[in-house]
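Here is the structure we will look at.
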4 protein chains.
Amino acid sequence: VTNPSDSGAVDLGAVLETVRSEIRPYFGKGRVASYIPALKRVPGDKFGMAVALTDGREFRVGDAAEAFSIQSISKLFTLMLAMSTIGNEVWRRVGKEPSGTAFNSLVQLEYEKGIPRNPFVNAGALVVLDCVLQRTGERTADVIRDYARVLSRNFSVDYDEAVFASELKTAHRNAAIANLLRSHRTIHHDAEQLLALYCRQCALEMSCLDLARAFLPLAHAGVSPSLQEAILTPRQAKRINALMMTSGVYDSAGSFAFRVGLPAKSGVGGGIVAIVPKHCCIAVWSPELDRSGNSLVGTAALELFVQLTNLSIL
Amino acid sequence: VTNPSDSGAVDLGAVLETVRSEIRPYFGKGRVASYIPALKRVPGDKFGMAVALTDGREFRVGDAAEAFSIQSISKLFTLMLAMSTIGNEVWRRVGKEPSGTAFNSLVQLEYEKGIPRNPFVNAGALVVLDCVLQRTGERTADVIRDYARVLSRNFSVDYDEAVFASELKTAHRNAAIANLLRSHRTIHHDAEQLLALYCRQCALEMSCLDLARAFLPLAHAGVSPSLQEAILTPRQAKRINALMMTSGVYDSAGSFAFRVGLPAKSGVGGGIVAIVPKHCCIAVWSPELDRSGNSLVGTAALELFVQLTNLSIL
Amino acid sequence: VTNPSDSGAVDLGAVLETVRSEIRPYFGKGRVASYIPALKRVPGDKFGMAVALTDGREFRVGDAAEAFSIQSISKLFTLMLAMSTIGNEVWRRVGKEPSGTAFNSLVQLEYEKGIPRNPFVNAGALVVLDCVLQRTGERTADVIRDYARVLSRNFSVDYDEAVFASELKTAHRNAAIANLLRSHRTIHHDAEQLLALYCRQCALEMSCLDLARAFLPLAHAGVSPSLQEAILTPRQAKRINALMMTSGVYDSAGSFAFRVGLPAKSGVGGGIVAIVPKHCCIAVWSPELDRSGNSLVGTAALELFVQLTNLSIL
Amino acid sequence: VTNPSDSGAVDLGAVLETVRSEIRPYFGKGRVASYIPALKRVPGDKFGMAVALTDGREFRVGDAAEAFSIQSISKLFTLMLAMSTIGNEVWRRVGKEPSGTAFNSLVQLEYEKGIPRNPFVNAGALVVLDCVLQRTGERTADVIRDYARVLSRNFSVDYDEAVFASELKTAHRNAAIANLLRSHRTIHHDAEQLLALYCRQCALEMSCLDLARAFLPLAHAGVSPSLQEAILTPRQAKRINALMMTSGVYDSAGSFAFRVGLPAKSGVGGGIVAIVPKHCCIAVWSPELDRSGNSLVGTAALELFVQLTNLSIL
């Protein structure tokens, strides 16, 4: 049995090439997100993957440098921002446990009197954003974007205005959630203002390389190797990994943990970020989604990657 | 940063002594399970912990050799039995995802037409037991006990008849679950027969040492080092670890993953089994429970253990 | 506008003949209950209707003297018995409001901590029966049968043993309900004992004529004209009529109130009892059921009857 | 037993005086609605009652001519408008059955894919309003007000702008409902526009006398005696009475049917409208509410009124 600590010896460049070659049969089996035109027109056969290691090395393959809509992966940025600015107060307004229901359900939120189950269901992400908003006010959209830029060391990272406008136009269910939160006073800002910010954060465009770099601190006890700076405390990094492990991939935490065995956060743009604690951050992108809303090819690629590298933590 | 693979170098005997010493302040903060007399009269200050490593070494402290009621930890035995006898058919009758609701809830079961969310909620455990029953028939209670005996290498492991009788007498809610499953044809055997078997399996008495030995294969890709035999396939072992990670500790998967960061299964008798994949199996016992039904002192002990050994996988 | 009080002038015999003739096109549009063989084999084209007036007159048509399985209509007998023996204590253990969910749902029961929404959902009927049982003990089955005999003035009324045995054998969901009630301590007797009694009460066989006579006191402020005796207080009779109006016909209270406009209780055997307060009791029977479980032809017959007689109360 | 048709003989003026005198002990036992300032400051000891008979006579007592906020009673106006303009299409977008859940719940709406259970829960009223809006467009607010004016023969009936503004400002939960409806495409207009209209309709100010006159057609097979015109078909009037009987008084349909025994619609402003089919319309107002949101004194007054007049239909 190869130990994770030995994986430095594995030629990750060759592994990524093998993954790219092996996942071909999976294309065409999922469906590109179609609820807004801007996502629908992304070619389904895109595929990119990037790995950033805590020792500074980086590997990539395919469309790893092409920016895509990160969607719910942005919930990691706002959660990190909220935890590093207001700290544990976040947990007075949002839970830490798997929801067992759809990411956009109102049922559990009503039964649990407006406290979202975790920061990754839409209700929870809205509350987290409300926490950020109370610190950064009108500059919030800029703060989130700049945070993504600094962490990814890519200052061309930006919002896709077309995606933002489309999202906002069709965000009826999220508007329902925001208003229900407001009626329970879990959020302190205007529902509409918050909703617009939320649609904006989901419209961040980043590449696999950007993401692998940006979330590497989660694999490194909160420290950014490139910035040589603690972005989060070790406990905060572990908290986020725990949340990703139990609630990061929509309704598929159990299946994903079995197949991939890594904490991860996915988005309906087809991106997935996965963490190998103490070792590396992996980002993969392929737009076709499985029934749960996770990238179908991306999940297969991560599964193969951990098989080839023995990096699964389970 | 110490790597898990280096933890062999840590003096685990000394670690366990430190844990025993440090967790003292936690006693008296939880409550011993009181729904049946046999559990209620166990002294709350009991504490035992045992570690079995894949390399064959073992460490223990406190009441690690004292048998206690393993309760829901027994769900691991039946799941392992079901997976190794009927294989993937199990997953046609039970799901793999966190439930988001109480372990004994009927609501989700009704909404989801009799398919339990995972094998660790009571409904799921009943279905798993029904799967075992269809293979082993009238010998099932013996088969489960013998399986626990062989895996723990302790042939005095047995059912506590008083606990069994008490459980059965107060098992109204589980009887409701079994009958609801029957009405949906998810179980094929008589609800009463199944319920009696279920109460029996929960009444298994084992020590921390027994448990650490018995579940070591889950840390070793399915292989029992002492038996030199594959109890499960590597994939089956990983599947069970994934289920423990996302659903093993009642409503506390997220909090437990954060504090301990290991796949684990708990029981209301106060036992917890945790797996460090590729490394070791840890069993801890202390009867006082937190609000979710997990051992309060046991969780604190595991948290401290992974801090001292750096064995958290997150 | 003809007033109800004038309907004595209407020739009810002729009305019933018209109804029988007009409802012919409805046959074949519903489905005879098939969950037990004994109900399934009843010919779908049976039709009977009987009217008992508070002034002592009686009218009938078709198979009005043929006994059939009254099923849930029996919930009226046990409710009347419970109210007249233990009085308002019933309402500490069962609610009075429409459920909004299926008659055999466990969801609401779990959310509302074991207090059934009303006496006509299965959970509520079990609680009512438990109330009766605490008064009449081992004689309960005889007491219920004798009550039905006395009220209907038909001493050949009895349980159908084949129906009883079939019901009991397939009563998994009701067993789940009874056990859930027991876990909440809403019922005080053994779940199995209660379930057997419940299946027995549902197996009462009576004719339309029997039923029209038996429930006439509900139209007469609680007084039986034939027995010249108060079976219930006027308030109790009104309470039952109110419950029938809002919860008597499964999930169809609103539609039934619109079409028929009378308080009524139906059973899956195809019987419906309807009350015209201060005027008469109507019983109809035809085995084919609509999607809600009410007699399809029976509902149409009642609708036509109130149109022809102007007896709707709405 | 006095028959309803005889109640003309009862001196209704004297009855109303008796009611006013007898209900005094009920004051102070409920609570005036406090969620908006404009309702909160209404004196709790207000009491008015008016009866309009199909034969043209009218009776009143107390503050029967004082205008108050009719709130949910306005749902009757919009339902009547929708039924008389778009007819049965309404029932493709809203159900007819009791909800069994709170009037402002989102749970059932989500489970039932955006089809509200009935026109009197908030979600249903929003859909009904959406139906009206598609016929009357920008003039809708005027159309509703004018409809209320014509039916009540009071051309000073108007919206209370302060109540409207307050409602709109705190309407987070209704905004959530409107947006959830929009996400299911049950409503065709903008959620915000609809919400504003809804808050406006609830802010109609009318007196008991206005209401008794306005809804008299529901007691008269749809015909307005004063206008000598069919406002609704007889079937439509019966449909609305059926809905009021099963769903008109929030969570208290069963209790209200028992105590009062008449179809009714209440509002949190403390008003209740009750119908005695074929006979009269009664309106009562007293601001203190019981736990379900119905006027506590008003319900007691109606209960007493039907006792004194024998007008209960149950």
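Surface exposure of the protein assembly as shown, expressed per residue as accessible area with a 1.4 Å probe, stands at 35 Å². Heavy atoms of chains C and B lose about 1400 Å² of accessible surface on contact, summed over both sides with a 1.4 Å probe. Restricting the stretch C:213-314 to trypsin sites (Lys or Arg not before Pro) that sit in a DSSP loop and have at most 16 other Cβ atoms within 10 Å of their own Cβ leaves C:291.
Computing FRET efficiency as 1/(1 + (r/R0)^6) for residue B:18 and residue A:161, where r is the C-beta to C-beta distance and R0 is 60 Å, gives about 0.60.
Measuring spread by the Cα atoms of the protein assembly as shown yields a radius of gyration and Dmax of 33.9, 102 Å. Where the centroid of each part is defined by its Cα atoms, how far is the stretch B:184-256 from the stretch D:276-307 in Å? The stretch B:184-256 and the stretch D:276-307 have Cα centres separated by 61 Å.
With label points set 7 Å from Cα along Cα→Cβ, the inter-copy distances at residue A:193 are 2.7, 6.5, 6.6 nm, sorted shortest first. Placing dummy labels 7 Å off each Cα toward the beta-carbon, the span from residue B:88 to residue C:85 is 5.7 nm. Across the stretch B:189-314, Cα pairs under 8 Å and at least six residues apart give a relative contact order of 21 percent. Size descriptors for the stretch D:220-271: radius of gyration and Dmax over Cα atoms are 12.7, 36 Å. Note on residue C:153 and residue C:31: their simple-model spin labels are 4.1 nm apart, each label 7 Å out from Cα toward Cβ. Taking every eigenvalue of the Cα gyration tensor of chain D, multiplying by 5 and rooting it, what semi-axes result, largest first, whole Å? In descending order the semi-axes read 29, 21, 18 Å.
As a fraction of the 1.4 Å probe accessible area of the protein assembly as shown, surface on carbon and sulfur atoms comes out at 48 percent. Quick one: helix C:140-152 against the long Cα principal axis of chain C, what's the angle to the nearest 10°, folded into 0 to 90? Value to nearest ten degrees: 10.
Of the listed pairs D:29/D:265; A:96/C:96; B:113/C:113; A:113/B:40; C:40/C:75, which have alpha-carbon separations greater than 27 Å here? Spell out each step's value before the answer.
Numbers: D:29/D:265 21 Å; A:96/C:96 38 Å; B:113/C:113 21 Å; A:113/B:40 34 Å; C:40/C:75 21 Å.
The pairs that break the limit, which is 27 Å between Cα atoms, are A:96/C:96; A:113/B:40.
Calculated FRET efficiency, residue B:192 to residue A:188, Cβ-Cβ distance, R0 = 51 Å: about 0.45 to the nearest 0.05. Distance from the Cα centroid of the stretch B:74-142 to that of the stretch A:45-119 is 31 Å (rounded to whole angstrom).
When the inverse distances between all different Cα atoms of the stretch D:239-314 are averaged and flipped, the Kirkwood radius reads 11.8 angstrom.
Count charges around residue A:225 for me, please; just the other residues with Cβ under 14 Å from its Cβ, Lys/Arg as +1, Asp/Glu as -1. Net local charge, residue A:225 excluded: +1.
The share of alpha-carbon pairs in the stretch C:114-229 lying farther apart than 22 Å comes to 39%.
Coupling constants for the stretch C:269-283 follow from the phi torsions by the Karplus curve (6.51 cos²θ - 1.76 cosθ + 1.60, θ = phi - 60°), and in residue order they are x, x, x, 9, 10, 10, 10, 9, x, 6, 9, 6, 10, 10, 10 Hz; glycine and proline get x. For chain D, the longest principal axis of the Cα atoms and the long axis of helix D:191-202 meet at an angle of about 10 degrees. Measuring from the axis that maps chain D onto chain B, the chain D residue with the nearest beta carbon and its rounded distance in angstrom come out as D:111, 4.
In the protein assembly as shown, helical runs assigned H by DSSP with n ≥ 4 each contribute -39500 (n - 2.57); averaged across all residues and rounded to the nearest 500, the mean residue ellipticity at 222 nm is -13000 deg cm²/dmol. Against chain B, whose longest principal axis is taken from its Cα atoms, helix B:74-85 shows a tilt of about 70°. Seen from every direction in turn and averaged, the convex hull around the alpha carbons of the stretch B:164-293 projects onto 9.2 nm².
Using R0 = 56 Å, the C-beta based FRET efficiency linking residue A:65 and residue B:113 works out to 0.75.
The values are calculated or read from the model by the stated rules, or taken from the named source; none is laboratory data. Please read all numbers here as calculations on a predicted model, not as lab measurements. All Cβ positions, glycine included, derive from the backbone under ideal geometry; neighbour counts span all protein chains shown. These accessible areas exclude ligands, DNA and RNA; they are computed on the full protein's heavy atoms, side chains included. Shrake-Rupley method; radii C 1.70, N 1.55, O 1.52, S 1.80 Å.
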